[in-house]
Amino acid sequence: MLTRDKTFVIPNIQEELRVFEWAGIVFGDENALSLQKSIKRLAVLSGATQLRFWGKIYGIQKDYWIAEGVLETQEEEREHYTQERRGEGVNKLVYWVTESLLDDWVQLPDVRPEHIIAARLIKYAFKGNLNATIDSNPPFPGKERHLLRAQIARITFATSIIPKGLLEFDDET
């Protein structure tokens, strides 16, 4: 697809959602079409070169529709030296969320190590408000947007499949 001299890749979301239906996850034809058009709009506005539908996380007040993609632009300012650069590790991909497929998408911040560590220690029901504070014990060092991004990273890496033999390490190095 070519627009404004920018090429981007978007999979056929309606076909992907048919695969979800085999697993018993149904969004409906109207949501599938709205999602396809919404992600296409996100591609044009964000400058992402690749986008795909990541999933949906249900909240108490509102739900989050989530898209993942690749941005060629420079990364955010790193807050600490332990934070991985954009394009590497847990920050390899950029994530956007929206509460409604008719609204604009919001880019989530890059994930930080302290967010992932704290996210592993708490249980939390998302409210559907990215600016909500997290009441938890132990305390979470951020807002709901940071916890959502940390949980996306945890889910993504916990469900990744790596074929046997693809990653082999040399014991000497």
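Whenever a residue of region 149-169 is surrounded by 16 or more Cβ atoms within 10 Å (Cβ to Cβ), its partners that are assigned to a loop (DSSP other than H, G, I, E, B) and at pLDDT 80 or above, lying with C-beta atoms within less than 6 angstrom and at least six residues away or across chains, give the pairs 149/108; 149/111; 150/111; 153/111. The condition of being at pLDDT 95 or above and more than 13 Å from the chain's Cα centre (by Cα) does not hold for residue 137. Looking across 67, 32, 48, 23, one residue alone is over 17 Å from residue 153 (Cα atoms) and within 17 Å of the chain's Cα centre (by Cα). It is 48.
Selection of first residues in region 81-102 that are in contact (Cβ under 8 Å) with a residue 60 or more places away in the chain and under 20 Å from residue 63 (Cβ atoms) and of second residues that are open to solvent by less than 40 Å² (accessible area, probe 1.4 Å) and of a type in the set (Gly, Ala, Ser), restricted to Cβ pairs under 6 Å at least 6 apart or on distinct chains, gives the following pairs, ordered by first then second residue: 101/34; 101/38. Looking across region 70-123, just one residue is modelled with pLDDT under 95 and aromatic (Phe, Trp, Tyr), and that is 81.
Taking the conditions (1) assigned to a helix (DSSP H, G or I); (2) closer than 21 Å to residue 59 by Cα in turn, residue 136 satisfies each one other than (1). Pairs linking a residue in region 4-33 that is within 15 Å of residue 54 (Cα to Cα) and at pLDDT 80 or above to a residue that is part of a loop (DSSP other than H, G, I, E, B) and not small (Gly, Ala, Ser), with Cβ atoms under 7 Å and 6 or more positions apart or on different chains, are 17/27; 31/101.
The values are calculated or read from the model by the stated rules, or taken from the named source; none is laboratory data. A quick note: this is a predicted structure, and the numbers were derived from the prediction, not measured. With ideal geometry, Cβ positions are generated from the backbone for all residues, glycine too; neighbour counts draw on all protein chains shown. With ligands, DNA and RNA removed, areas are computed over all heavy atoms of the protein, side chains included. Shrake-Rupley method; radii C 1.70, N 1.55, O 1.52, S 1.80 Å.
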